[in-house]
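Read the structure below first, then the notes.
The values are calculated or read from the model by the stated rules, or taken from the named source; none is laboratory data. Keep in mind it's a predicted model, so treat the numbers as computed, not measured. We place every Cβ from the backbone using ideal geometry, glycine too, and count neighbours over all the protein chains shown. All accessible areas refer to the heavy atoms of the entire protein, side chains included, with ligands and DNA or RNA removed. Shrake-Rupley method; radii C 1.70, N 1.55, O 1.52, S 1.80 Å.
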Amino acid sequence: MAAGAAHLLIVEDDEFVRQLVAAYLEKDGYRLSVAGSAKVMHEVLDHTPVDLIILDLGLPDEDGLTLIRQLRTRSHIPIIVLTARIARDDKITALEIGADDYVTKPVDPQELTLRVANLLRRSGPARSDDTAAHDILNFGAWSLDISANALRASDGLDVELTRAEFDILTALARAPNRVLSRDFLLDAISRDGDAPSDRVIDVMISRLRKKLRDNSRQPILIQTVMGRGYRLSV
Ligand code: CA
C-alpha cells in the first residue's frame with residue numbers, strides 16, 4: 001500500500017496534540033479523519049473505511065482500554081495507542097487486549113509517523129513481491145495462511161490474530177523446532193528496540209497460546225526455553 005493511500009483516524013481529545021499529529025501525518029500524504037471522543041470515533045468508523053487508528057487512552061467519554069476491547073470485537077484494524085500514562089501496566093494491558101503498538105506522550109511526531117509507516121507496512125494486503133501465491137505454514141492442528149493473514153484450525157475455524165501476533169507466529173512457524181530469541185521476535189514486529197521489549201514479546205506469546213488453545217502452564221506448541229527464547233514445537 002502506498003503511504004499516501006492509507007486513511008488514518010486520530011482519536012484524541014487534546015486539540016493541540018490532535019493538530020500536531022495531524023499536521024505531521026498530513027505532510028506524509030496520509031488521508032485523515034479526526035475524532036475528539038469515543039462517540040465520534042464510532043461515527044467515523046461506521047461511515048469511513050479506516051486503515052489505522054491512533055488512539056489516545058484518556059478520552060472524556062470512554063476509557064481507551066475499553067475502546068480497544070470494543071474495537072477488537074469488530075475488526076483487526078491496526079491500533080497505535082497514545083498514552084501520557086507513565087504506568088507501564090497501561091501499555092502492557094493495551095498490548096494484551098489487542099493494540100499493536102504505542103507511543104508515549106509527549107508525542108514525538110517523527111517517532112509516531114515512523115511507527116505508523118511500520119505498522120501499515122506490516123498490515124498491508126499481501127505484497128505483490130511475495131513470490132508464493134499461497135504461502136501456508138502448517139503446524140500441529142493449525143495452518144497459517146501468510147498471504148491471507150489467516151490462522152485456521154483443523155476444524156476449519158478461523159482464529160483472529162492482531163498484526164503483532166501474526167508476525168510473531170509467522171516467525172516461529174517459519175523456523176519450526178528452533179529457538180528464537182526475544183530480540184529476534186522483537187525485530188519481527190519492528191518495535192525499534194523500544195524499552196519494555198522482553199515483556200512485550202512475553203505478552204504476545206501468552207496471547208498466542210490462548211488463541212492456539214495451548215496450555216499456558218505446560219505449553220505444548222509454543223514452548224519457553226529458559227534464558228533463550230521461544231520455540232514452536234512441531
Ligand atoms: Ca486525552
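Looking at the chain only, what percent of DSSP beta bridges run antiparallel? Nearest 5 please. Looking only at bridges with both residues in the chain, the antiparallel portion is about 50 percent. Measuring nothing but protein heavy atoms, the accessible surface of region 136-232 at 1.4 Å probe radius is 46 percent carbon and sulfur.
The convex hull drawn around the Cα atoms of the chain, when projected onto a plane and averaged over every direction, covers 12.8 nm².
Per residue, the accessible area of region 3-123 comes to 44 Å², computed with a 1.4 Å probe over protein heavy atoms only.
The sum of -39500 (n - 2.57) across all DSSP H runs of n ≥ 4, divided by the residue count of the chain, sets its helix-only mean residue ellipticity at 222 nm to -12000 deg cm²/dmol. Compactness ratio for region 136-232: Cα radius of gyration over 2.2 N^0.38 Å (N = residue count) comes to 1.01. Just report the Cα centroid separation between region 160-184 and region 8-63, whole Å. Result: 30 Å between the Cα centres. The value of relative contact order for the chain, using C-alpha pairs under 8 Å at least six residues apart, is 14 percent. With a 1.4 Å probe and all protein chains left in place, how much of the accessible area of region 3-123 comes from carbon and sulfur atoms, in whole percent? Here carbon and sulfur together make up 53 percent of the probe-accessible area.
Relative to the current alpha-carbon distance between D13 and R121, full extension at 0.36 nm per residue lengthens the span by 36.2 nm. With a cut-off of 12 Å between beta carbons, the residues surrounding L32 carry a summed charge of -1, where Lys and Arg count +1 and Asp and Glu -1.
Within the listed set D56, D90, D46, the Gaussian network model of the chain (springs between alpha-carbon atoms below 10 Å) gives the highest mean-square fluctuation for D46. Based on C-alpha pairs under 8 angstrom that are at least 6 apart in sequence, region 136-232 has a relative contact order of 24 percent. Straight distance only, please: which lysines reach the Cα of K105 with their own Cα at less than 22 Å, same-chain residues fewer than 8 apart left out? Filter leaves K27, K91. You can think of it this way: the chain between R213 and F184 has 8.0 nm of extra reach, that is 0.36 nm per residue less the Cα-Cα gap. Subtracting the Cα-Cα distance of R72 and A141 from their residue separation scaled by 0.36 nm leaves 22.4 nm.
When the Cα gyration tensor is reduced to axis lengths a ≥ b ≥ c, the ratio a/c stays below 1.5 for region 1-115, which is therefore classed as rounded. Between D108 and H42, the C-beta separation translates, for a Förster distance of 30 Å, into a calculated FRET efficiency of about 0.60. Structure remark: mean-square fluctuation, Gaussian network model of the chain, C-alpha springs under 10 Å; the largest value among V159, V34, V203 belongs to V159.
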